[in-house]
1. Counting only residues that are surrounded by fewer than 24 Cβ atoms within 10 Å (Cβ to Cβ) and either within 14 Å of chain B (Cβ to nearest Cβ) or over 23 Å from A:Ala327 (Cα atoms) (or both), how many does the stretch A:186-201 have?
2. Give the residue, chosen from B:Ser351, B:Ser357, B:Ser392, that is within 14 Å of chain A (Cβ to nearest Cβ) and over 30 Å from B:Val151 (Cβ atoms).
3. Output the residues belonging to the stretch B:353-407 that are of a type in the set (Phe, Trp, Tyr) and assigned to a loop (DSSP other than H, G, I, E, B).
4. Say whether the condition of being within 14 Å of chain B (Cβ to nearest Cβ) and farther than 20 Å from A:Met198 by Cβ is met by at least one residue in the stretch A:367-377.
5. Residues being out of contact with any Lys or Arg (no Cβ under 6 Å at 6 or more places or on another chain) and at pLDDT 95 or above: count how many of those fall in the stretch A:168-191.
6. Would you be able to say whether some residue in the stretch B:262-275 is surrounded by fewer than 18 Cβ atoms within 10 Å (Cβ to Cβ), within 13 Å of chain A (Cβ to nearest Cβ) and either under 30 Å from B:Tyr409 (Cα atoms) or in contact (Cβ under 8 Å) with a residue 60 or more places away in the chain (or both)?
7. Could you please find all residues in the stretch B:287-313 being of a type outside the set (Gly, Ala, Ser) and assigned to a strand (DSSP E or B)?
Amino acid sequence: MRVAIVSTVYYYLSHAQHIGDRFLIGYPLAGRWHKPDVKVVSLYVDQKPKGDQSEERAREFGFTVYPTIAETLRCGGPKLACDAVLIIGEHGDYPLNAKGQKLYPRHEFFKQCVEVFEQDGRAVPIYNDKHLSYSFEKAKWMVEASKRLKFPMLAGSSLPVTWRLPDVEMPAGAQVVEAVMVGEGGPDIMGFHALEAMQCMLERRAGGETGVRTVETLEGDAVWAAAREGKWSAELQGSALSRSDTPQGLTLQDGRTQDLMKPGVLQKLVAKPLACRIEYRDGTRATLLMLNGAIKDFNFAARLKGHARPLSTQFLLTPVPNVTYSACLVSKIEEMLTTGRAPYPVERTLLTSGLTEACLTSLAEHKRIDTPHLNVQYRPPAASQHMRA
Amino acid sequence: MLLRRRDLLTTAALAPAALISHAAPARPKIAAVVTEYWHFSHAQHIVDRFLEGYGWNGEHHMPPMDLVSLYVDQKPKNDLSAERAQRFPAMKLCPTIAEALTLGGSKLAVDGVVLVGEHGNYPKTPKGQVMYPRYRLWQEIVKVFKSSGRVVPVFNDKHLSWNWEWAKDMYDTSRAMKIPFLAGSSLPVTWRTPSVEFPANAQPEEAVCVGYGGVDSYDFHGLESLQCMVERRKGGESGVRWLQAYRGDQFWDALREGVWPADLMTAALCRSHTLKPAREGFNDIFPTLDDMKRMVKNPVAYRYEHADGLKSTMILMTGLVEDFNFAARLEGRKDPFSTQLYLPMPPARTSLANFFSPLVNHMERMFLTGKPPYPIERTLLTTGLTAAGVDSLYEQGKRLETPHLSIAYKAPVESTYWRS
């Protein structure tokens, strides 16, 4: 299995490095050190800032860094010369658009791969790290290309596949009344990782995923007002928060535990709250709360019909530098490489990419927006996909 | 699972007349007897959870009991007990343990005692053990039990004592006086990644725990990690026959000679989330033996044989890992059974030491039901193993026969680690 890597950058702790290296030196999996039966044959890096490791990796592991994506896929020869492509378009110096999205060239990279496939008459699986694009239209093009040329495609965040505390799964076919996800916004502002975590749970509901009807992003005092008005379940918000290992404020001061739902506590800690209220087409409601200043981890809670207590869990992000959660993700990429099928549908990430964009649009326009374009329909696999072994 | 009040009263009526086991009241009063109370001390993690509640089962849980008194043995500059007492006036700060238990009266006036004897400025033995005053604190508690003619459940944080004879005395007293007694580390009850239980009635040939930290402090956690797993094996725990400790060059020689199984050590290391990268520029890489030697300045291993032939090895690799990882070879299974006993550890990774939450929850269950959720014999054994490890190291790695550790017991089949 010959793999080409197409990345924005490759330096220590970039996504390309901690994903790519796992194919080079192996990774911990289910209590053993696993070396994938894969050879990295070529690498493209869009930018080589200080700390670039592309050349030293190429030297040590016997592959070549090519100046263009087409050459990378063809290993400098006339035709496609690899069996899979990893597109890792995270990190690097790219402009921001007006909505604050970093314009990572994932779609552009992908397009160039597709051009090689079309020219050379053969297509191979593609893994795209994180969201497909900052633009739903671009993301949609990518997914449609994979259908048209019939190649497997895997995408998304590591959150859906990392450890969970507790290790619970949304029951297949569950009747979800409502869900709340709490987390911290990183450089993405709007939590793509949080959306993926929430989506990997909700997609399992009865009827499968049929898309999103409206999105409304609130910020600042409007968030607290909406919470007071009961626009989303306080019980679910409290349930998700109760899963956090990282309450800030007084906990940092003297180590005490806190009930973050006590009146005034969150308001004091979170200077710039964001709430993204999502209304799915089947009526399911979900709310993403970005509570920077209150917590630093990702926690989910959902009310299911017929269940007395909410289902809740923390998506565990294991520490830097090992970030073993990326090993969980690489095992999924490997699964696609060995089986020829994506373990979970790329449509999940099509939807979450679109949701990220829509949440930011709603934020920019200060109003609820209709999202008819987000009529993304898919069914997840019945088996759990997160790390449990 | 709560017993109904009348069940408990019935049980109490059957207890021997001399010392009546308490019938747990609807809302128990709990006394805390601690060495020191400051940010990140064990007393702070534990007592705060009684006072403020904690996240449990997807909600903020307030223990259905009242922490009514607190004794603090030492109060350094960063003491928090005064601040806590101010915010929780129902908790009386007591100058003596007797007063904490009698609330100023003449008889035992609480329904449970939490003894946290970790941290504090206490002298060291010639072997390097910190002489935490757990035994002294326990004796003061027992004095009140005796004079009151009544006992209540006691939780002891971590090992019973640095001193084996005293630990044994604590255990013997608890048996004689029928004191419901719970003890030990948070490792047995914390999360696991993966969330797996050691199969009941399994037949392990070898078991290994790879962790970190110092002798007499963190070795105990490694031993409890091992014990909470292997005690579930077929036949139950049969006790330990001998123990031999290794450190420094002896450790590397033993590793090379295969004194303990390298494959289990590897399996355990592969469960770590904190395997220190051996090469610059790599974030997650399996170390070579030379890498390990370079990174681990003070490796320690305690290897010991149980009466039924099981061999266990507790390994400390400070500098290589910062977590506790278990692996065992089970008869009839090709691949090792392995998991990490996951501690969400502040301050680097979290702000709370939430692995104290399941520990406190188990204490609550005992205070409400009168029954320890897991046997005290586990911690009696690991206390003895810790002392034997210290002794063996002190004697340059001599193999020590441990007839005093022929402690046999059966573990509950029901899992007691954090899964909900």
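The values are calculated or read from the model by the stated rules, or taken from the named source; none is laboratory data. Everything numeric here is computed off the predicted structure, so don't read it as measured data. We place every Cβ from the backbone using ideal geometry, glycine too, and count neighbours over all the protein chains shown.
1. So the count comes out to 1.
2. Values: B:Ser357 fails: over 30 Å from B:Val151 (Cβ atoms); B:Ser392 fails: within 14 Å of chain A (Cβ to nearest Cβ).
Result of the check over B:Ser351, B:Ser357, B:Ser392: B:Ser351.
3. B:Phe355, B:Tyr374
4. Kept after step one, since they are within 14 Å of chain B (Cβ to nearest Cβ), are these residues of the stretch A:367-377: none.
Scanning the stretch A:367-377 turns up no residue that is within 14 Å of chain B (Cβ to nearest Cβ) and farther than 20 Å from A:Met198 by Cβ.
5. Of the stretch A:168-191, the ones out of contact with any Lys or Arg (no Cβ under 6 Å at 6 or more places or on another chain) are A:168-169, A:171, A:173, A:179-183, A:185-191.
Subsequent filtering for residues that are at pLDDT 95 or above retains A:168-169, A:171, A:173, A:179-183.
Total satisfying the criteria: 9.
6. Step one: list which residues in the stretch B:262-275 are surrounded by fewer than 18 Cβ atoms within 10 Å (Cβ to Cβ), which gives B:262-263.
If we keep only those that are within 13 Å of chain A (Cβ to nearest Cβ) too, we end up with B:262-263.
From the residues that got through so far, the ones that are either under 30 Å from B:Tyr409 (Cα atoms) or in contact (Cβ under 8 Å) with a residue 60 or more places away in the chain (or both) too are B:262-263.
Yes; the residues of the stretch B:262-275 include at least one that is surrounded by fewer than 18 Cβ atoms within 10 Å (Cβ to Cβ), within 13 Å of chain A (Cβ to nearest Cβ) and either under 30 Å from B:Tyr409 (Cα atoms) or in contact (Cβ under 8 Å) with a residue 60 or more places away in the chain (or both).
7. Pass one, the stretch B:287-313, residues of a type outside the set (Gly, Ala, Ser): B:287-300, B:302-306, B:308, B:310-311, B:313.
If the condition is that a residue be of a type outside the set (Gly, Ala, Ser) and assigned to a strand (DSSP E or B), then B:Val300, B:Tyr302, B:Arg303, B:Tyr304, B:Glu305, B:His306, B:Lys311, B:Thr313 are the ones that fit.
Matching residues to (1) within 14 Å of chain B (Cβ to nearest Cβ); (2) among the small types (Gly, Ala, Ser); (3) touching a residue at least 40 places away in the same chain (Cβ under 8 Å):
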| site | (1), (2), (3) |
| --- | --- |
| A:Ile5 | no, no, yes |
| A:Thr8 | no, no, yes |
| A:His15 | yes, no, yes |
| A:Tyr27 | yes, no, yes |
| A:Ser42 | no, yes, yes |
| A:Val45 | no, no, no |
| A:Asn97 | no, no, no |
| A:Gln101 | no, no, yes |
